[in-house]
2 protein chains.
Amino acid sequence: MSTPIKLTVIGAGSAQFSLGLVKDICLTESLSGSLISFMDIDPDRLDMIHKLGARYANELGADLRFESTTDRHDALQDADFVINTASASSHQKQRDGRELMEKYGYYHGGRMRQSNFVNLDLMLGVTGDMEEICPDAWLIQSGNPVYQGCTLMTRTSSIKVCGLCHGHYGVHQIARTLGFTDLEDLTWQAPGLNHNIWLTHFYYKGEDAYPILEKWIAEEGENYWETHVAERTHDIQMSRGTIHMYRMFGLMPIGDTPRRGAWWYHTDIDTKKWWFPQPWGGPDTHLARPYFVENLEKRVAQMTKLTSDPSTSLIEAFGSEKTHEQQVPIIDGLVNDNEGQFQVNVPNHGALAGVPDDVVVEVPAIVNRSGIHPIRVDPLPRKVLYTQIMPEVLEMERELLAFETGDRSLLFLDALECEQTHSYNQALSVFEELMEMGGNEKLSEHFMWGPGQEMLRQPVRTKEPA
Amino acid sequence: MSTPIKLTVIGAGSAQFSLGLVKDICLTESLSGSLISFMDIDPDRLDMIHKLGARYANELGADLRFESTTDRHDALQDADFVINTASASSHQKQRDGRELMEKYGYYHGGRMRQSNFVNLDLMLGVTGDMEEICPDAWLIQSGNPVYQGCTLMTRTSSIKVCGLCHGHYGVHQIARTLGFTDLEDLTWQAPGLNHNIWLTHFYYKGEDAYPILEKWIAEEGENYWETHVAERTHDIQMSRGTIHMYRMFGLMPIGDTPRRGAWWYHTDIDTKKWWFPQPWGGPDTHLARPYFVENLEKRVAQMTKLTSDPSTSLIEAFGSEKTHEQQVPIIDGLVNDNEGQFQVNVPNHGALAGVPDDVVVEVPAIVNRSGIHPIRVDPLPRKVLYTQIMPEVLEMERELLAFETGDRSLLFLDALECEQTHSYNQALSVFEELMEMGGNEKLSEHFMWGPGQEMLRQPVRTKEPA
């Protein structure tokens, strides 16, 4: 028995993501008969995805229909589920920003986040359209910033929103490194905020596995850190930096967590290579990023080739195993009551103690026909709450306040408070140039100085040293 | 009609404070017949204060009794009110710490606050004793850190606590600079946390006075900042830095507020002289601090001289006007129902929206026989709440958690997160040396590394640049 749905994918041009989704839905019998509507602003990419998706489903003999459009309104018509994976910020533009900041002494962009704003704007556009066109559909937010974006959307719209991310699979990487072969015998919890989650429970075959991790650190850690060569830029789960954060804060940080916070791991490439694996020093370096983007481009080229060569078996090219993505299983749970437990990003409402109700947290949830039900997890230790979670709640509130009010001085404050800023004048120079950068016209128009704030644009004039 | 009380002063050796208190109580008829008990660990200073206080009261013909003791238990016996103005951290020790940090590149101590811990310990000693000896007495906390200390004491003891500070009188300095002659026609509110308060209301003769401040900034500000020479090291209320903070955050910061937060005003002496008045660049510089401490010592010397010369009129030396301190008027309100409005530090319980109930806030309060009644003020703007108030709530929680648990890595985290720290190794070196510094034995014993944390003490070993 199956229940056909209409699933709309916004930002469907992200080839790997969309084809993974097609695979998962093809291999989910209970969604047979469904319509997948691809939407993207890039018509060529859209055409490619449409063709490959339809061909793959055909090869598998799956009963699915496909459509594609560059018009978001059309795509949302009669949608039951909307997956938003779009980003309004290109790799190129992010690189331009990083290069500009490099000039002023910030390593790899100094982790400023002005590029979030264009994506928040995009997200509000989607929920706005959905309220009009498909107000009962679920929105599965799969593009960044998941945490800030889902908080904003759930505060300002009536659309049901669930944010997803892969970061929590870092737990599997720990398990594999420790030699745990039966991942189905693993139980764990890692609640927090998206990209800021902490392993509170970690059991293997019913036994606490933290002591096994301790043993690994004591006996193998140093050797691993000295010799391990990463295969992927993002392979940092067992790195020296991640274990160091565990020592500092008391719980293992999972997935993308070691990429944020704790500025001292990220000051320069030599330092990054101390904390994160060779050859890249983690995903956020001038070595890793071009390699990562190049790989994405290679994959697109490969798919373009596949599109133009109808004789190749796509089953052979992509395999016929489900991915580990949660989107389709969650949809299946909601539609067909195939209940499961997932790691989701939803408004807190008491699931994670100490965090306000209207902040989106990342927690485990039971998903079934009656909805997405976050599990009320054990509280995080106060040390993690006060030093890692709540400071980022405040950062998010600042970011949403800036977005809502268009107060340029709040963005400037981010530049001032960036850990790599060493003087007022440095922050002022980089900020003014960043706002004037090509491609930031919309940003620059939205964020305005207030009355009297010309004083903020005046550099410090110290007397010349005698 | 008068109600005699017993008032105990802990840390009474602070000459100026204790004599101000004597003055105020002498000039408050309704407290006539009271007993003032001076307590300090310095018997010489105690003797001087006792003699000067008794002589001054005698000259004025005030009906007061005095006693002095180095034993806190004795001093607390039958106390109705306890004023704690003691500090367990000497100027000399603070200077040693600053000098040590200077070596590692931190200007004027880099604003680390490990010296708070000895005072928190002292405060808990006082509330512990009071619970045993005088459980119904009010504790008026007048020594720093008022904010962290009062939060700690009200969370852990049953003693009634009210914290006081002078900082809010900065509003009068604004008024005087703007030429407001009748300060009794001024109404204002400046709520927040101690040393972090913001002028939300500012009326003179019933008119909003913020526009008058705006006019002053536009017409006189630049000239004032270029030419003004401070008379006191702490004279920063109308400085360029304070007005800059007003421009940045939208409300005037009052009193000591511009001394905290916003690291970029405090990086070096040249920068400080840009933001704060000549000749010292504000109170927290290597020029101001010795001058300030020297002045305190001069005042003690002057008092010692007065003690040894019974022919001098103390009324002539000290005057016979009440001080602006709030301690005695608050006591008078509580004892004799002489109701008044004061600026107090008490647990929030809804007075200041957005701040948790069990955090001590600085707010106006009505004081009368039935108690200290905080006024529920208008909320602070979200910008001030998210960028200035709540980050300091989190810092306080971290500090109290560190104090409670003795977790040394939380102190180390402060060193790492200090705005003047530029590398892990720098923070590690300065922190390890600071903990070993003479006089920090108790601190070093209380704060321990946890299991496995030896990894945190390992410096970063980057490869030599090629």
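The values are calculated or read from the model by the stated rules, or taken from the named source; none is laboratory data. Note that the structure is predicted; figures quoted are calculated from it, not measured. Every residue, glycine as well, gets a Cβ built from its backbone with ideal geometry; the counts of neighbours run over all protein chains shown. Only protein heavy atoms, including side chains, enter the accessible area calculation; ligands, DNA and RNA are left aside. Shrake-Rupley method; radii C 1.70, N 1.55, O 1.52, S 1.80 Å.
About the Cα centre, and with charges only on the beta carbon of Lys, Arg (+1) and Asp, Glu (-1), how big is the dipole of the protein assembly as shown? Nearest 20 debye, please.
Roughly 1160 debye for the protein assembly as shown.
What's the total accessible area buried between chains A and B, using a 1.4 Å probe, rounded to the nearest 100 Å²?
Roughly 4500 Å² of accessible surface disappears when A and B pair.
Under the 0.36 nm per residue contour assumption, what length would be gained going from the current alpha-carbon distance of B:Glu404 and B:Val300 to full extension?
Contour length minus the Cα-Cα distance gives 33.8 nm.
Residues in the stretch B:407-447, backbone N under 11 Å from the label point at B:Lys93 (7 Å along the Cα-to-beta-carbon vector): list them, ranges by number please.
B:438-444
Average projected area of the Cα convex hull of the stretch B:64-147, in nm²?
Working: hull surface 26.9 nm².
That works out to 6.7 nm², a quarter of the Cα hull's surface.
Label-point separation (nm) for A:Ser423 and A:Glu445, each offset 7 Å from Cα along Cα-to-Cβ?
3.6
Let me make sure I get this right: for the stretch A:275-360, a, b and c are the square roots of the gyration tensor eigenvalues over alpha carbons, sorted descending. Under 1.5 in a/c it's rounded, otherwise prolate if a/b > b/c, else oblate. Which is it?
oblate
Shape verdict for the stretch B:59-208, please, from the Cα gyration tensor: rounded (a/c under 1.5), prolate (a/b greater than b/c) or oblate. Spell out each step's value before the answer.
Details: a/c = 1.89, a/b = 1.16, b/c = 1.63.
Verdict is oblate for the stretch B:59-208.
At A:Ser32, label 7 Å along Cα→Cβ: distances to the other copies, nm, ascending?
Between copies, matching label points for A:Ser32 lie 10.1 nm apart.
What list of ³J(HN,Hα) values in whole Hz, one per residue of the stretch B:215-228 in order, does the Karplus curve 6.51 cos²θ - 1.76 cosθ + 1.60 (θ = phi - 60°) give from phi, with Gly and Pro shown as x?
Couplings: 4, 4, 4, 5, 9, 10, x, 4, 5, 4, 5, 6, 10, 5 Hz.
Of A:Trp264, A:Ser18, A:Phe38, whose Cα points farthest to the positive end of the dipole of chain A (charges on the beta-carbon: +1 Lys, Arg; -1 Asp, Glu; origin at the Cα centre)?
Positive-most Cα among the choices belongs to A:Trp264.
Taking the Cα centre of each part, how many Å lie between the stretch B:32-83 and the stretch B:192-220?
Result: 40 Å between the Cα centres.
List residues of the stretch B:230-271, by number, whose backbone nitrogen lies under 13 Å from a label position 7 Å along Cα→C-beta of B:Ala218.
Answer for the stretch B:230-271: none.
Please turn the phi angles of the stretch B:72-84 into ³J(HN,Hα) values with the Karplus equation 6.51 cos²θ - 1.76 cosθ + 1.60 (θ = phi - 60°), one per residue in order, whole Hz, x for glycine and proline.
Karplus values, whole Hz, x for Gly and Pro: 5, 4, 4, 4, 7, 3, 6, 5, 9, 9, 10, 9, 10.
Please sort by residue number the chymotrypsin sites (Phe, Trp or Tyr not before Pro) in the stretch B:55-88 whose DSSP state is loop and whose Cβ has at most 13 other Cβ atoms within 10 Å.
none
Please list, ordered by chain and number, the residues whose modelled amide H lies under 5 Å from the amide H of A:His201; skip anything fewer than 5 residues away on the same chain.
Counting only residues 5 or more places away or on other chains, the set is A:Gln189.
With runs of 4+ DSSP H residues as the only contributors, calculate the mean residue ellipticity of chain A at 222 nm using -39,500 (n - 2.57) per run, divided by the residue total and rounded to the nearest 500.
-12500 deg cm²/dmol
Just name one of A:Ala79, A:Leu199, A:Met130: the one whose Cα is farthest towards the positive end of the charge dipole of chain A (beta-carbon charges, Lys/Arg +1, Asp/Glu -1).
Projecting each Cα onto the dipole axis, the largest value belongs to A:Leu199.
Count, for each residue of A:385-391, the Cβ atoms from other chains sitting within 10 Å of its Cβ, then give me the mean as a whole number. Can you show the working numbers first?
Numbers: counts 4, 11, 9, 0, 1, 6, 6.
Neighbouring Cβ atoms belonging to other protein chains average 5 per residue here.
Towards the positive end of the charge dipole of the stretch B:103-189, with charges on Cβ (+1 Lys, Arg; -1 Asp, Glu), say which of B:Thr181, B:Gly163, B:Tyr147 has the farthest Cα.
Positive-end residue among those listed: B:Tyr147.
Can you give the mean number of other chain Cβ atoms that lie within 10 Å of the Cβ atoms in peptide A:417-426?
4
Heads up, I need the accessible area for B:Arg461: 1.4 angstrom probe, whole protein in place, Å², nearest 10.
Accessible surface of B:Arg461 is approximately 130 Å².
Assigning unit charges at the beta carbon (Lys, Arg +1; Asp, Glu -1) and nothing else, what dipole magnitude in debye, to the nearest 20, does the stretch A:339-466 show about its Cα centre?
My answer is approximately 340 debye.
Can you list the distances in nanometres, one decimal and ascending, from the A:Ala301 label point to the identical position in each other copy, with the point 7 Å along Cα to Cβ?
Label point to label point, same position, other copies: 8.1 nm.
Could you calculate, for the protein assembly as shown, the ratio of the Cα radius of gyration to the Kirkwood radius, expressed as Rg to Rh?
Rounded to two decimals, Rg over Rh is 1.02.
Using a 1.4 Å probe on the protein heavy atoms only, what accessible surface does B:Trp225 show? Give it in Å² to the nearest 10.
About 40 Å², rounded to the nearest 10.
Please list, in order along the stretch B:30-41, the HN-Hα scalar couplings obtained from phi with the Karplus expression 6.51 cos²θ - 1.76 cosθ + 1.60 (θ = phi - 60°), rounded to whole Hz, x for Gly and Pro.
5, 10, 4, x, 6, 10, 9, 10, 8, 10, 7, 8
Would you grab the residues whose amide H sits under 5 Å from the one on B:Asn368? Only those 5+ places off in sequence or on another chain, please, with H modelled 1.01 Å from N.
So B:Asn368 has HN proximity to B:His373.
Any chance you could look up the accessible area of A:Glu417 with a 1.4 Å probe, heavy atoms only, rounded to 10 Å²?
Near enough 80 Å² of accessible area.
On average, how much accessible surface per residue is there in the stretch A:164-279, in Å², for a 1.4 Å probe, leaving out ligands, DNA and RNA?
Heavy-atom accessible area per residue stands at 37 Å².
Grab the beta carbon distance between B:Val293 and B:Ser370, set R0 = 51 Å, and tell me the FRET efficiency rounded to 0.05.
Efficiency for this residue pair is about 0.75.
Considering only the other residues whose Cβ falls under 9 Å of the Cβ of B:Tyr204, what net charge follows from Lys and Arg at +1 and Asp and Glu at -1? Walk me through the numbers before you get to the answer.
Details: positive: B:Lys205; negative: B:Asp182, B:Asp185, B:Glu207, B:Asp208.
Around B:Tyr204, the charge tally is -3.
If you place +1 on the Cβ of every Lys and Arg, -1 on the Cβ of every Asp and Glu, and leave all else neutral, what size is the dipole of the stretch A:183-281 about its Cα centre, to the nearest 20 Debye?
Result for the stretch A:183-281 is approximately 400 debye, rounded to the nearest 20.
Given H placed 1.01 Å from N in the peptide plane, which residues other than close sequence neighbours of A:Glu362 have an amide H under 5 Å from its amide H?
Here the answer is A:Gly192, A:Leu193, A:Asn194, since their amide H atoms fall under 5 Å of that of A:Glu362.
Which GluC sites (Glu not before Pro) in the stretch B:320-350 sit in a loop by DSSP (not H, G, I, E or B) and have at most 11 other Cβ atoms within 10 Å of their own Cβ?
Those satisfying the criteria are B:Glu321.
Quick one: label points 7 angstrom along Cα→Cβ at B:Glu132, distances to the other copies in nm, smallest first?
Reported distances to equivalent positions: 7.3 nm.
Using a 1.4 Å probe on the protein chains only, how many percent of the accessible area of the protein assembly as shown belongs to carbon and sulfur?
50
Can you tell me how the stretch B:204-352 classifies by the Cα gyration tensor, rounded, prolate or oblate, using a/c under 1.5 as the rounded cut? Each step should come with its number before you reach the end.
Values: a/c = 1.96, a/b = 1.22, b/c = 1.62.
Note, shape of the stretch B:204-352 comes out oblate.
For the protein assembly as shown, give me the percentage of DSSP beta bridges that are antiparallel, rounded to the nearest 5 percent.
Numbers: 50 of 98 bridges.
Roughly 50 percent of the beta bridges in the protein assembly as shown run antiparallel, per DSSP.
Within 10 Å of each Cβ in peptide B:234-245, how many partner chain Cβ atoms are there on average? Round it to a whole number, please.
The shielding value for this peptide is 1.
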